[in-house]
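The values are calculated or read from the model by the stated rules, or taken from the named source; none is laboratory data. If you're wondering where the values come from, they're calculated on a predicted model, not measured in any experiment. Because the Cβ atoms are built from the backbone with ideal geometry, glycine has one as well, and the counts that use them run over all protein chains shown.
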Amino acid sequence: MKFADLTSGTHFTLGPVEVDAEEVLAFARKYDAQWFHTDPIQAEQGPWDGLIASGWHTCAMAMGLISNGILNGSESYASPGLNYVKWPHPVRPGDLLTLNVLVHESRTSSSKPWLGIIRWQWTMQNQLGVDVLDLEATSLFRLSGAAMLPASHLQAGALQP
């Protein structure tokens, strides 16, 4: 998909993706080794009544859907970050997650005419329609026909739109 296709108000639904118990454990052991993500027995006695996925794993699953469903073959090359990220409900092994994407803003940078900027909201729900992820991201796109940027543009702070 190209930057030109990502106009303000455009909506996409991606997925579902099934949450795999072994992936929950492997991700948490490597990146977020808290007991409620890594110890199914202890997690049963915890406040979440069982094992839950790391919020960062949930973000990674959303990014996988975005990468494969929207960004693959696009002019996307970076992101300066997220405006916010929320995990309103836990994600559990066996959940089926669907991602709804809404483009809030699509514009060309006023100071860098080769730069397209997308501000979009990603909301993920489980199979019951319960929100499990809500984030707003900014993504940068090198507009069609623009020369590839030199590596010096990727230094800290250089990605600010």
Pick from Ser106, Ser139, Ser111: which is modelled with pLDDT of 95 or more and more than 16 Å from Gly69 (Cα to Cα)? Ser106
Would you check if Glu75 is within 30 Å of Leu6 (Cβ to Cβ), out of contact with any His (no Cβ under 8 Å at 6 or more places or on another chain) and either at pLDDT 95 or above or among the acidic types (Asp, Glu) (or both)? yes
Among helices (runs of 4 or more DSSP H) lying entirely in the range 1-98, which contain 2 or more residues that are among the hydrophobic types (A, V, I, L, M, F, W, C) and within 13 Å of the chain's Cα centre (by Cα)? 55-66
Can you pull out the residues in the range 90-116 that are surrounded by fewer than 14 Cβ atoms within 10 Å (Cβ to Cβ), closer than 20 Å to Phe27 by Cβ and not hydrophobic (A, V, I, L, M, F, W, C)? Gly94
Across the range 104-115, the tally of residues that are touching a residue at least 60 places away in the same chain (Cβ under 8 Å) and within 17 Å of Leu143 (Cα to Cα) stands at 2
Output for the range 80-111, where each listed residue is among the basic types (Lys, Arg) and more than 19 Å from Ala60 (Cα to Cα): Arg107
Residues in the range 14-32: is at least one buried (at least 18 other Cβ atoms within 10 Å of the Cβ) and closer than 18 Å to Asp131 by Cα? yes
Test Lys86 against the criterion of being surrounded by fewer than 14 Cβ atoms within 10 Å (Cβ to Cβ), free of Cβ contacts under 8 Å to residues at least 60 places away in the same chain and at negative phi, and give yes or no. yes
